[in-house]
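Asker: Sharing a structure here in structure tokens format.
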Amino acid sequence: MRRGGRGAGRARHGHARRRARRRPRPRGGVVLSEDSVVRPPVGRQVIVAVALLVAVAAVALGGSLTTVGNVEGWYADAQKAPWSPPNGVFGPVWTLLYAGIALACFLVWRRGYLGSGQRNRARPWITGWIVQLVLNAAWTPLFFAGFPVIGEASWWIAAVIIVLLLAVVLWLILGARRWSRIAMVVMIAYALWLAFATTLNIAVIALN
């Protein structure tokens, strides 16, 4: 009985070693499991961080350019929600949020990194992050610069976009739990501000 037990144990260990040998190895010969953590090279981290900051800065700049002239134009004369903050509040808040969402994406990307040439495990989340950035970039031009062109329809289209944006961000919050608590907290703050901005958008529709 003992011999059989030892023999069975050796057989199990042999199978385990063979499975380990069959496990795919990326470049460099490092065995990567689903829970592996591989730190990207510092140079790659810098490149990704700069790219994310440039992306959110481009969206922020585009939003600023489309609000110039409109905030002091039709928006100043429009009826707004009683809880609408002064115009000077929006710039600093959005600046902090843009920096935060860039950081959130960077943290998730770094946590999902599996090595050079390997598909990032957090790729679906990162794709969702790109979608939210595109929706974010579309909302401001439509709401502010769209009104002089197509009238009140721009407010309705903007409302649909910001609701979709909020839905995507809520999905990102759920997904961020796996990758980074900091990213999740940042996206929660982002969602709260978007929910507030949604009420302001709807109030403009209802009051004008």
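Asker: When segment 94-132 is examined, which residues are found to be of a type in the set (A, V, I, L, M), modelled with pLDDT of 95 or more and open to solvent by 20 Å² or more (accessible area, probe 1.4 Å)?
Answerer: Listed by number, the residues that qualify are 96, 97, 99, 103, 107, 126, 130, 131.
Asker: Taking only segment 42-66 into account, find how many residues are within 18 Å of residue 129 (Cα to Cα), β-branched (Val, Ile, Thr) and in contact (Cβ under 8 Å) with a residue 40 or more places away in the chain.
Answerer: Count: 3.
Asker: Return yes when residue 131 is among the β-branched types (Val, Ile, Thr) and under 30 Å from residue 207 (Cβ atoms) and no when it is not.
Answerer: In short, no.
Asker: Another question, if that's okay. Would you say residue 182 is under 29 Å from residue 112 (Cβ atoms) and under 12 Å from the mean Cα position of the chain (by Cα)?
Answerer: Taking the combined requirement at face value, the residue does not satisfy it.
Asker: Which one of these is open to solvent by 20 Å² or more (accessible area, probe 1.4 Å) and in contact (Cβ under 8 Å) with a residue 60 or more places away in the chain: 189, 203, 176?
Answerer: 189
Asker: Hey, which of the helices (runs of 4 or more DSSP H) in segment 92-201, taking only ones fully inside, have at least 1 residues that are basic (Lys, Arg)?
Answerer: Ranges flagged: 123-140, 153-179.
The values are calculated or read from the model by the stated rules, or taken from the named source; none is laboratory data. In this text the structure is predicted, and so the values were computed from the model without any measurement. A quick note on method: Cβ atoms are made from the backbone with ideal geometry, for glycine too, and the neighbour counts reach across all protein chains shown. Ligands, DNA and RNA are stripped out before the accessible areas are found, and what is left, the full protein with its side chains, is counted by its heavy atoms. Shrake-Rupley method; radii C 1.70, N 1.55, O 1.52, S 1.80 Å.
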